[in-house]
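Data block below; observations after.
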Amino acid sequence: MAGYLILIYEDEASYASADESVLGEVFAEHTAFGEANGAALSGGNALAATGSATSIRREPSGEITVTDGPFVETKEALGGYYLIEAADLDEAIAVAKQVPARFGGVEVRPIRLFD
Amino acid sequence: MTASAPAVADAVAQAHRREWAFVLAATVRVTRDIDLAEECVQDAYARALEHWARDGVPERPGAWLTIVARRRALDLLRRNARLARSLPLLLDDVHEPGPDEAAAPAVADDRLALIFTCAHPALAEPAQVALTLRLVCGLRTAEIARAFLVSEPTMAARITRAKKKIAAARIPFRVPGADELPARIQSVLSVVQLVFTTGHTAPGGRVLVRTDLVERSLDLARMLRVLLPADAEVSGLLALILLTDARRASRTTQAGELALLADQDRSLWDREAIEEGVALVRVALRARPPGRFALMAAIAAVHAEAPSFDQTAWPEIVGLYELLGEAWPSPVVALNRAAAIGFADGPTAGLLALDALADDPALEGYRYLPAARADLLRRLGRTQEACAAYEQALALSDNDVERAFLRGRLDGLGE
């Protein structure tokens, strides 16, 4: 078995303008996903919107700058993740296909292990 | 029994062509690591040259090579336990094969698993094609680079990146389950078709046809037909390649000039390939609804069976392109349909259908759009517009044979 991180990228503006019933549906979808994939799931969280993000970089001069906003500005931003265990990429993809992401999509990344 | 050096070299070359995928796939099953398996298989082919010269060519060269490659893999794995621990696991059913298993003459056919790994949708299509040619066909990186007109370091980097992804993301070495199989077969077939089309009309260079690639695609399609005999689309693809390639000898004149379908000497067509292709089309069309490769092959079959260009069943071809457009919506299919309408209902109708596609962004820069338009305008006697369209097509083609043809048409209109 191996670990995979499923990163959920969605359009934040669509969430901001969605009404309560849509948000309720999305919440119910995530609950259903969690119940259906309990055996594979080892973690997961929703993130607050990128408006709350703070980026920290070390400049070539060695100076550390702290700035408002996400590391990279994109239309579809990282908004949540699931950490799963799967035998191989096909199994991970089968789980990732079920992740609710109506305003975007998901990315699957293998977790790297060090000896 | 000893064998002469040329006979041995020939036997090794044949075994390379015919058995590479089988030997490599069986070795990956043991190593669970593609690089290590490749190394062991290359080593086995090198040993074959020496051993077969001394002891004679074995009755089943593939089995001999597999045993030698697997034994070498097991040796390396045992000798280097640290290596074994850090091996990227391609298989989830971890098991240590015993010496008996490595030596067993009957080795499971893992070629299909190898093919599905190479054409995995998590790899970019150019990487899928490169890996298939390298791992399934046993082509060298330099050969693949030449075929796709990229430098050898670029192709080597592409292959290395793909292998790293297979290991890091754990792309499985396995035939997909029934629910995923049809979609995954389509991606395998697309790879084989891309190998064929790249060979059929080389994207650049001095010759029209890259025979080596055409023959590799035929090998791959035949291998798939053996491994997936019940799949209609596999039959469709093999039929498509046979029926299209049957015209190879007539596609260029003796002087090396391009001959269009209308001008080809049909007596040069390979009747044996056509017969085999037509029989496969019948099988492929039994699927409901017929798939994309079955329909493309059916179109090729109608051309192959027409006694002359003028006696081609054009309405049937238009109808098949319409079905194909439903099964596989694509602007290129729509373009071919428009060209067929130009023969079924005349150039005015063809031009009308073609102009409906002019603004499709997917066809921007596609050389066959202005080429098809030029031909319709030429037939309508709209010389000036035809010349402009030929110029456009010329600007978009890099193949010398195609360019010479377009230049010839353009000069013909100027007279």
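The values are calculated or read from the model by the stated rules, or taken from the named source; none is laboratory data. Just so we're clear, the structure is a prediction, and the values are computed from it rather than from any experiment. FYI the Cβ positions are ideal-geometry reconstructions off the backbone, even for glycines, and counts take in every protein chain you see. Accessible surface areas use protein heavy atoms only, side chains included; no ligands, DNA or RNA. Shrake-Rupley method; radii C 1.70, N 1.55, O 1.52, S 1.80 Å.
Would you call residue B:114 more than 14 Å from every other protein chain (Cβ to nearest Cβ), in a helix (DSSP H, G or I) and touching a Cys at 6+ places or on another chain (Cβ under 7 Å)? It is false that residue B:114 is more than 14 Å from every other protein chain (Cβ to nearest Cβ), in a helix (DSSP H, G or I) and touching a Cys at 6+ places or on another chain (Cβ under 7 Å).
Results for (1) at pLDDT 95 or above; (2) away from chain A (no Cβ under 14 Å); (3) exposed (fewer than 15 other Cβ atoms within 10 Å of the Cβ), shown as yes or no for each residue.
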| position | (1), (2), (3) |
| --- | --- |
| B:36 | no, yes, no |
| B:51 | no, yes, no |
| B:60 | no, yes, yes |
| B:76 | no, yes, no |
| B:85 | no, no, yes |
| B:95 | no, yes, yes |
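Restricting the search to helices (runs of 4 or more DSSP H) fully inside the stretch A:2-115 and requiring at least 3 residues that are within 14 Å of chain B (Cβ to nearest Cβ) gives A:89-96. Scanning the stretch A:73-115 for residues that are closer than 23 Å to residue B:177 by Cβ and among the charged types (D, E, K, R) yields A:85, A:88, A:90, A:91, A:97. Between B:324, B:376, B:369, B:352, which is under 24 Å from residue B:202 (Cα atoms), in a helix (DSSP H, G or I) and touching a helix residue (DSSP H, G or I) at 6+ places or on another chain (Cβ under 9 Å)? None of the other options fit; the residue is B:369.
To keep it simple, each residue is scored yes or no on (1) in contact with a Phe, Trp or Tyr (Cβ under 8 Å, 6 or more places away or on another chain); (2) modelled with pLDDT under 95; (3) on the phi > 0 side of the Ramachandran plot.
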| site | (1), (2), (3) |
| --- | --- |
| A:8 | yes, no, no |
| A:19 | no, yes, no |
| A:23 | yes, yes, no |
| A:28 | no, no, no |
| A:36 | no, no, no |
| A:50 | no, yes, no |
| A:59 | no, yes, no |
| A:65 | no, yes, no |
| A:73 | no, yes, no |
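The residue pairs whose first member lies in the stretch B:266-283 and is aromatic (Phe, Trp, Tyr), whose second member is not in a helix (DSSP H, G or I), and whose beta carbons are closer than 8 Å, counting only pairs six or more residues apart or on different chains, are B:269/B:246; B:269/B:247. Look at (1) part of a helix (DSSP H, G or I); (2) among the aromatic types (Phe, Trp, Tyr); (3) within 24 Å of residue B:266 (Cα to Cα) and you find that residue B:390 fails only one, number (3). When the stretch B:158-208 is filtered for residues that are within 14 Å of chain A (Cβ to nearest Cβ), in contact with an Asp or Glu (Cβ under 8 Å, 6 or more places away or on another chain) and open to solvent by 30 Å² or more (accessible area, probe 1.4 Å), the ones remaining, listed by number, are B:167, B:170, B:174, B:180. In the stretch B:253-267, the condition of being open to solvent by less than 30 Å² (accessible area, probe 1.4 Å) and of a type in the set (Ser, Thr, Tyr) is met by no residue.
For the stretch B:211-225, the set of residues classified as open to solvent by 10 Å² or more (accessible area, probe 1.4 Å) and within 19 Å of residue B:16 (Cβ to Cβ) consists of B:211, B:212, B:215, B:216, B:218, B:219, B:222, B:223, listed by residue number.
Just so you know, in the stretch B:350-398 the residues that are polar (S, T, N, Q) and open to solvent by 60 Å² or more (accessible area, probe 1.4 Å) include one that is farthest from the chain's Cα centre (by Cα), and it is B:384. In this entry, residue B:35 is excluded by the filter for residues that are free of Cβ contacts under 8 Å to residues at least 60 places away in the same chain and part of a helix (DSSP H, G or I). Do we have residue B:232 as farther than 28 Å from residue B:14 by Cβ and open to solvent by less than 30 Å² (accessible area, probe 1.4 Å) here? Yes. When the stretch B:129-152 is limited to residues that are open to solvent by 10 Å² or more (accessible area, probe 1.4 Å) and part of a helix (DSSP H, G or I), the one that is modelled with the lowest pLDDT turns out to be B:146.
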